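The values are calculated or read from the model by the stated rules, or taken from the named source; none is laboratory data. Only a predicted model underlies this, so the values are computations on that prediction, with no experimental measurement involved. Cβ coordinates were reconstructed from backbone atoms using ideal geometry, including for glycine residues, and neighbour counts include every protein chain displayed. For the accessible areas, the whole protein counts, side chains as well, though only heavy atoms, and no ligand, DNA or RNA atoms are used. Shrake-Rupley method; radii C 1.70, N 1.55, O 1.52, S 1.80 Å.
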Number of protein chains: 4
Amino acid sequence: MTSPTAAPDTAALHARIQDSFDRSGLMLHLGARLGDVAPGRTHIHLPYSATLTQHLGYFHAGATTSIADAAGGFAGMTLAPLGHTVLSVEFKINMLAPARGESLEAVGRVIRSGRTLTVVQVDVYALNADEKTPIALMQQTLINLPEPA
Amino acid sequence: MTSPTAAPDTAALHARIQDSFDRSGLMLHLGARLGDVAPGRTHIHLPYSATLTQHLGYFHAGATTSIADAAGGFAGMTLAPLGHTVLSVEFKINMLAPARGESLEAVGRVIRSGRTLTVVQVDVYALNADEKTPIALMQQTLINLPEPA
Amino acid sequence: MTSPTAAPDTAALHARIQDSFDRSGLMLHLGARLGDVAPGRTHIHLPYSATLTQHLGYFHAGATTSIADAAGGFAGMTLAPLGHTVLSVEFKINMLAPARGESLEAVGRVIRSGRTLTVVQVDVYALNADEKTPIALMQQTLINLPEPA
Amino acid sequence: MTSPTAAPDTAALHARIQDSFDRSGLMLHLGARLGDVAPGRTHIHLPYSATLTQHLGYFHAGATTSIADAAGGFAGMTLAPLGHTVLSVEFKINMLAPARGESLEAVGRVIRSGRTLTVVQVDVYALNADEKTPIALMQQTLINLPEPA
């Protein structure tokens, strides 16, 4: 028997995050897919589509940022007590290289988990055949809140 | 007759930005619409849709950020010489309030336009009936580049 | 007679901020001076000195940032209930122009004051004879905390 | 014989950065000391002093940020061609924990070095007896410029 705030096992953790992911209309609309989930870490994948581009045909920084923000938020959510959720307070993202590739992968990792605030770092990679190129780096602040009834 | 780098008149400027906007697959996919365009300032509107939400049903920070990044980038583009384009180097955004409303409006304004780098500030508002509530604030750095042939 | 959390009058507000300012060893060590204080707004002045420079002889970004962070923090503190203080959660600053001048002036203005978090914008100017040039722009997040006993 | 832009050896690299450090009035005034220097990485140490504090007696975020900005800038400078220098375009810093300790150590590491822009990450630690606690995390953008004559 586990206490309600104990760290859930991996499958339960993935299911919990998948449930929030599936309620995120934007993630589905962009064609994003939840990848690995571990305590303090979440991956999101985004296959290329012409519906995700900026005026030069690369992934739009808004698409890159959307999965980065989500990967960071879900990474924070893996550490939040049950019955709590997290919201983005703010984030900053640097574009490191043109976001060109067959897909993007965002990996959010919690750097510091506090009672109220959580700091997360997110790496975004472009994937092409065998190559994995870092294309963006985000530093994000989350706030823990009781989930609305 | 105007020199190629002269400030274009308002209609020409709007047409130039609209052209880039229409080539941004993400803006169309999100249902965003280009609003006012003036030298150093651009507005983008985003009507609410269930395809734009996070897990609590508000606009996803990724949607808010996508139109903020685009409004900032196009604001910078209004001041770039013809034949040049701009790319986002980085930005930081604070969420000021839940992004709830019938639509969002992002207003990008150039703060400093340099030869290589441009600094832009973007306000995002949620619109509800007669109310216009600030919901996000972005500070963005752009780089000016010759447009690829 | 005022309630303990009522907005203090201007002189009392200035005295309250001046008291915190005077306990900030770094502000005194840099030679900074508290300027105007109003609800949600604080000014700090920093005269040029060779002790404040980077390797090219301008004001070091660390000096610029120190007074920007302080002006933002004190602006937030003007709106905090008595018995509370504020700490910087994070900030982002853009350098807009070389920080050259007889002095710098940082002006912090609260953009959104919440129960837990406050968002502040800070403009920093370089002053030379009659000129006042914007040289930096900061966006800052503060957290309100009960003042330690 | 080395070409003017060849990677200098370690001692020469340290001497080059030390020279710029020693011309940074602010670093000397704060009592900071240059530590390890390697290609793409620089350490700066800052012993505690009452001249570096905020109103609660901890290291002021301005002091933390000053050595973080410098460690990041010098990390970028290690990769700049001879005859070039770097300036901070912007940075964002999160405070992870109260900056309490006998000294701070900032470690700047280049994440991406481009022709014009360099992206750096900086970790700041508080040191106490045997403990080394992360207290701040910075993400910084630098611009490479020809050194003024």
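Numbers for the structure displayed
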| quantity | calculated |
| --- | --- |
| Sole exception among (1) closer than 26 Å to B:SER24 by Cβ; (2) of a type in the set (Val, Ile, Thr); (3) under 14 Å from the mean Cα position of the chain (by Cα) for A:ILE135, by number | (3) |
| Extreme residue, surrounded by the most Cβ atoms within 10 Å (Cβ to Cβ), among residues of region B:47-67 that are touching a helix residue (DSSP H, G or I) at 6+ places or on another chain (Cβ under 7 Å) and closer than 24 Å to B:VAL110 by Cα | B:SER66 |
| Subset of region B:111-136 that is in a strand (DSSP E or B) and of a type in the set (D, E, K, R) - its residue that is farthest from C:ASP123 (Cα to Cα) | B:GLU131 |
| The listed residue being of a type outside the set (S, T, N, Q) and under 24 Å from B:LEU13 (Cα atoms), out of B:PHE74, B:PHE59 | B:PHE74 |
| Listing of strands (runs of 3 or more DSSP E) fully contained in region C:1-110 that carry 1 or more residues being among the acidic types (Asp, Glu) | C:33-38, C:84-95 |
| Single condition D:ASN144 does not satisfy, out of (1) within 26 Å of A:GLN140 (Cα to Cα); (2) in a strand (DSSP E or B); (3) away from chain C (no Cβ under 12 Å) | (1) |
| Complete set of residues in region A:47-64 that are of a type in the set (A, V, I, L, M) and either touching a His at 6+ places or on another chain (Cβ under 7 Å) or at pLDDT 95 or above (or both) | A:ALA50, A:LEU52, A:ALA61, A:ALA63 |
| Region B:90-149: number of residues that are open to solvent by less than 10 Å² (accessible area, probe 1.4 Å) and of a type in the set (Lys, Arg) | 1 |
| Pick from region B:68-86, criterion modelled with pLDDT under 95 and of a type outside the set (Val, Ile, Thr), ranking: least open to solvent (accessible area, probe 1.4 Å) | B:ALA80 |
| Qualifying positions in region C:102-117 - over 17 Å from C:TYR48 (Cβ atoms) and away from chain D (no Cβ under 14 Å) | C:VAL107, C:ARG109, C:VAL110, C:ILE111, C:ARG112, C:SER113, C:GLY114, C:ARG115, C:THR116 |
| Any hit, region A:123-132, residues being touching a residue at least 40 places away in the same chain (Cβ under 8 Å) and of a type in the set (Phe, Trp, Tyr) | no |
| Which numbered condition C:ARG23 fails, given (1) open to solvent by 40 Å² or more (accessible area, probe 1.4 Å); (2) within 8 Å of chain D (Cβ to nearest Cβ); (3) touching a helix residue (DSSP H, G or I) at 6+ places or on another chain (Cβ under 6 Å); (4) not acidic (Asp, Glu) | (3) |
| Qualifying residue in region C:28-46 (condition: surrounded by fewer than 21 Cβ atoms within 10 Å (Cβ to Cβ), at pLDDT 95 or above and among the polar types (S, T, N, Q)) | no |
| Condition met for C:GLY72 (of a type outside the set (Lys, Arg) and on the phi > 0 side of the Ramachandran plot) | no |
| Residue in region D:106-118 that is among the charged types (D, E, K, R) and under 24 Å from C:THR141 (Cβ atoms) present | no |
| Close pairs (7 angstrom Cβ cut-off, 6 or more residues apart or separate chains): on the phi > 0 side of the Ramachandran plot in region B:80-96, in a loop (DSSP other than H, G, I, E, B) anywhere | B:GLY83/B:GLU147 |
| Residue within region C:91-101 that is over 30 Å from D:ASP19 (Cα atoms) and either at the interface with chain D (Cβ under 8 Å from one of its Cβ atoms) or in contact with a strand residue (DSSP E or B) (Cβ under 9 Å, 6 or more places away or on another chain) (or both) present | no |
